[in-house]
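*Asks:* Would you mind keeping the following structure in view while I ask a few things?
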Amino acid sequence: MADLSCNVGGIKSPNPFWLASAPPTDKLYNVERAFRAGWGGVVWKTLGIDPPIVNVSSRYGAVHYNGQRMMGFNNVELITDRPLEVNLQEIKQVKKDWPDRAVVVSLMVPCNEKDWKYIINKIVDTGCDGVELNFGCPHGMSERGMGAAVGQVPEYVEMVTRWVKESTDLPCLVKLTPNVTDIRKVAHAAKAGGGDGVALINTVNSIVSVDLDQMAPEPTIDGKGSHGGYCGPAVKPIALHMVTEISKDPETQHLPISAIGGISNWRDAAEFIALGASGVQVCTAAMHYGFKIVDDMIDGLNNWMDEKGYATLEDFRRMAVPNVTEWQYLNLKYDIKARIDESTCIHCGLCHISCEDGSHQAIREIKANGQRSFEVIDEECVGCNLCMFACPVPDCITMERVDSGTEYQNWTTHPNNPMRVEDN
Amino acid sequence: MTTIDVRAGRLSQEQLALNFTDAHPALLTGNALVEANRCYFCYDAPCVDACPTSIDIPNFIRKISTGNLKGSARDILSQNIMGGMCARVCPTETLCEGACVRETQDHQPVRIGELQRYATDSFMESGETIFERAESSGKKIAVVGGGPAGLSCAHRLAVLGHQVVIFEARDKLSGLNEYGIAAYKTVNDFAQREVDFILEIGGIETRTNQRLGQDVKLDDLRQQFDAVFLSVGLGDVNSLGLESEDIAGVYDAVETIAELRQSGNLAELSVGRRVIVIGGGSTAIDIAVQSKKLGAEDVTLAYRRGPEQMSATWKEQEFAQTNGVQVKHWLAPKSLQSENGHVSGIEFECTTLNPQGKLTATGELRNMEADVVFKAIGQTLVNTLDAAAEMPETEAGKIAVNAEYETSLAGVWAGGDCISSGEDLTVHAVEHGKQAAIAINRKLS
Ligand SMILES: Cc1cc2nc3c(=O)[nH]c(=O)nc-3n(C[C@H](O)[C@H](O)[C@H](O)COP(=O)(O)OP(=O)(O)OC[C@H]3O[C@@H](n4cnc5c(N)ncnc54)[C@H](O)[C@@H]3O)c2cc1C
Ligand SMILES: Cc1cc2nc3c(=O)[nH]c(=O)nc-3n(C[C@H](O)[C@H](O)[C@H](O)COP(=O)(O)O)c2cc1C
Ligand code: SF4
């Protein structure tokens, strides 16, 4: 059994699976059940200053793809709609009952020192393990100068983080919005302000669909809609990239990361950790399937770590980071070709037509005795992988390495590169 | 000595209603979407080759998945105007679904037939139209026989701008769709609703109770019309070649099915307690299953060869068995037994293939008691369609045609069961009618 315990910027938990700040973490009743199911921690649904916000009815939109429900999910919900005092009481209770779990409190108040210091003073009493500054919410709150409206301006991020760190010793995670052009700038600011780590990503600006009868975006609220925040499996690639940007940046490479975005299972979590995350947070998957999914997350990660011989998360954390490089350093001599396993081929023709119309016309359709088969033309195949992805039969198309494996040349020295460095 | 037990009303009205509902109920929207998304959208898809009418299957399925049901129905109906009926009656396991790559992959083909029904039903319910007639050609064509082949031909000719008159011997159109197909495959009067849908195109006059050779003459039709299309199906049935085949209790399956299909009250049909069906095709399966559903206690289907040689597909055989029909192979009827002029049983001779692969009797005998015996050993063309007229040449008992569906007589085309060299299926008849219409149009313009 591997040791799954984790430490994110000073916040400890028995496993790296936390519930992200969202409806699953909005009250004692939920958080209790989540902890009973095995979650390592929660980031409480974002608190604000009373009077509480009000929400609209019809709040979520979803992207279903080819029968798969909720591969993308979006919402126009705001922060907690319960009075501050009720939340504080419940947080205190939960922390008392579950001392080994991480209880982090997410916060969002107007962008002034007085309000931030006021709320910090309020929450220290709960015994929580840390705070998370919600600079991410891209809808509603941002119109009021909060959430992403702060998160998109590095100077504000640094300033607010500093106010918080000046008022408490509690570990402080800064939750970043992905709705920026360079995530590193905001991460720098969080660090400069004294943040103990970053949490990312919050939701991506989105309109998930348009109701073509009402001619309005969905979710539709009495004929109108507003952009929302996108999350779920669809955003994972964006989150992986942003986490990597921070992991690779010399200035933030040691800044703890709580990774969020489309994490649905242990495999997703392992990928984020391999790219530098110390722990992960989950929202959509828990909203879709319930708290029980954490069972496989813990179990699956454990089994995989045992199999690989990793005793702790630190053993494989950041292991994939050095292999993320710039395009210009990729080996241009590396050469792969598609290989079709005739014994499992079902003759759907998708490899042929995808390559024919979409890539390099490198798969020939051969018809003989009423049977058809498909043949790769090695001279034309550029090794792009398209056919392998289009093929519906697992492992029917694989890519075979055909170069000698000993040669290396990258773009920096390539003769076609006008800026090449002559000296190799 | 047994007592012959043949009577009506073996089951309650409620039970009969239950037994004769749709054997394969329509897909609900949610299921249709899941099923549509299982299609891989193959390139040059094998299912399309396997469809006798070459419907662009991946395309119509994709349109279901995007909610473009009108486009989906157009893809189907433009190739096969009886796409609705075919969706219900085609043995898809040997056609499109048999060729589906997912059948190859995991024996779970996309349920193409059911999706086709989903698309065509939705469209027909919408009451919209997709066909427009070309400008009038001024040509008139006679179609003899208003079954699938005739209706398909008439519809395509009408689309191409010709004027069509259908001469039909019976009082309803639709041929075996109305009189032959098993009741639980086409419920709620679908055959007639489909006829109405087809005739909506306009330009098709229908004259029922007009039998060729009796009420109309081929020679006259050839004079009065620019072309004639014969689609009279198969009016006769093969006989067992046994002595006293005409005793009471021995029936022709096709005739009995026609009675059943036209019956307003199934409880009034008389049913034997013990029924033996002789044959190995879908008609045999249909009469056996329908007898069972009407309340027969024991239904045995006896076929003189093995399961592989049966023309009924494996799925039809399985369907019969799950409906309580006992299927026995390698039995050839030898003689009929009777009691007071009513059949009471059959003596069978066991058969086998000799080393040369020829069917031979083993000499072993089996006796089976029966109250009713159905003959379902194939249909044949009535060879005296119009005794007075010059008739087209025949070949192996059917009307001979060339690749353009033209007969030996100038200006006379033919299609459907009356020409077919292969299997007799609705979908083949529809294709013949369509292709003949295209050929006639080419010839006339
Ligand atoms: C019991 C049974 C079950 C079947 N089940 C299936 C099935 O499940 N699936 C499937 O694909 N196929 C099935 N078939 C086969 C299918 O019904 C036929 O292949 C199809 O109907 C042939 O169409 P057709 O137009 O050639 O002939 P028919 O459907 O036979 O139509 C011929 C028409 O011509 C009329 N006619 C005949 N003689 C004359 C005349 N002298 N003058 C004027 N009109 C005339 C007839 O009244 C009839 O309306 C079944 C057949 C039978 C008998
Ligand atoms: C309905 C809903 C409400 C959310 N509310 C908050 C919130 O109050 N505070 C916050 O920081 N993030 C909030 N989020 C964002 C999530 O915490 C998380 O960052 C995002 O959903 C990405 O993770 P996922 O892909 O696992 O869902 C919310 C998300 C959803 C779906
Ligand atoms: S790898 Fe790309 S180029 Fe090569 S055969 Fe496949 S699709 Fe074509």
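The values are calculated or read from the model by the stated rules, or taken from the named source; none is laboratory data. None of these values were measured; they are calculated from a predicted model. Quick reminder, even Gly has a Cβ in these numbers, built from the backbone with ideal geometry, and neighbours come from all protein chains shown.
*Asks:* May I ask you to list the residues in the range B:84-115 that are assigned to a helix (DSSP H, G or I), within 13 Å of chain A (Cβ to nearest Cβ) and at pLDDT 95 or above?
*Replies:* Once the filter is applied, which keeps residues that are assigned to a helix (DSSP H, G or I), within 13 Å of chain A (Cβ to nearest Cβ) and at pLDDT 95 or above, the range B:84-115 yields B:A99, B:V101, B:R102, B:E103.
*Asks:* Considering every residue within the range B:39-56, establish whether at least one is closer than 30 Å to B:A267 by Cβ, part of a helix (DSSP H, G or I) and in contact (Cβ under 8 Å) with a residue 40 or more places away in the chain.
*Replies:* no
*Asks:* For the range B:158-256, which helices (runs of 4 or more DSSP H) that fit wholly inside it have 2 or more residues that are under 30 Å from B:F319 (Cα atoms)?
*Replies:* B:176-179, B:190-199
*Asks:* I've got another one for you. Looking at the range A:1-68, what strands (runs of 3 or more DSSP E) fall wholly within it and have at least 2 residues that are on the phi < 0 side of the Ramachandran plot and in contact with a helix residue (DSSP H, G or I) (Cβ under 6 Å, 6 or more places away or on another chain)?
*Replies:* In the range A:1-68, the matching strands (runs of 3 or more DSSP E) lie at A:17-19, A:41-47.
*Asks:* Same structure, new question: Can you list residue pairs whose Cβ atoms sit under 8 Å apart, with the first residue in the range A:27-49 being within 14 Å of ligand 2 (Cβ to nearest atom) and the second being hydroxyl-bearing (S, T, Y) and part of a strand (DSSP E or B)? Count only pairs 6 or more apart in sequence or on different chains.
*Replies:* A:G41/A:S13; A:V43/A:S106; A:W44/A:S106; A:K45/A:S106; A:T46/A:S106; A:L47/A:S106
*Asks:* Does the range B:158-165 include one or more residues that are over 24 Å from B:V48 (Cβ atoms), touching a strand residue (DSSP E or B) at 6+ places or on another chain (Cβ under 9 Å) and buried (at least 24 other Cβ atoms within 10 Å of the Cβ)?
*Replies:* yes
*Asks:* Please go through the range A:180-229 and give me each residue that is within 18 Å of A:N55 (Cβ to Cβ), assigned to a loop (DSSP other than H, G, I, E, B) and among the charged types (D, E, K, R), ordered by number.
*Replies:* A:D222
*Asks:* Right, B:I81: touching a Leu at 6+ places or on another chain (Cβ under 9 Å), away from chain A (no Cβ under 11 Å), modelled with pLDDT of 95 or more and under 26 Å from A:C387 (Cα atoms) or not?
*Replies:* Taking the combined requirement at face value, the residue does not satisfy it.
*Asks:* Could you tell me which of the residues B:D171, B:D189, B:D196 is under 30 Å from B:Q15 (Cβ atoms) and surrounded by fewer than 19 Cβ atoms within 10 Å (Cβ to Cβ)?
*Replies:* The conditions single out B:D189.
*Asks:* So, one more: Looking only at the range A:367-391, how many residues end up being within 12 Å of chain B (Cβ to nearest Cβ) and modelled with pLDDT of 95 or more?
*Replies:* The number of residues fulfilling the criteria is 4.
*Asks:* Those residues that are in contact with a Ser or Thr (Cβ under 7 Å, 6 or more places away or on another chain) and farther than 27 Å from B:D286 by Cβ, I need them from the range B:161-188; list them, please.
*Replies:* If the condition is that a residue be in contact with a Ser or Thr (Cβ under 7 Å, 6 or more places away or on another chain) and farther than 27 Å from B:D286 by Cβ, then B:G161, B:H162 are the ones that fit.
*Asks:* Return the total of residues in the range A:79-96 being surrounded by fewer than 18 Cβ atoms within 10 Å (Cβ to Cβ) and assigned to a loop (DSSP other than H, G, I, E, B).
*Replies:* 3
*Asks:* Moving to a separate point now. If we scan the range A:176-192, do we find a residue that is under 26 Å from A:R33 (Cβ atoms) and under 18 Å from the mean Cα position of the chain (by Cα)?
*Replies:* Looking through the range A:176-192, none of the residues is under 26 Å from A:R33 (Cβ atoms) and under 18 Å from the mean Cα position of the chain (by Cα).
*Asks:* When you scan the range A:348-364, do you find a residue that is part of a strand (DSSP E or B) and either more than 16 Å from ligand 2 (Cβ to nearest atom) or more than 14 Å from chain B (Cβ to nearest Cβ) (or both), even just one?
*Replies:* yes
*Asks:* Next question. Among the residues of the range A:325-347, what is the count of those that are closer than 29 Å to A:P418 by Cα and within 14 Å of chain B (Cβ to nearest Cβ)?
*Replies:* Going through the range A:325-347 one residue at a time, the tally reaches 0.
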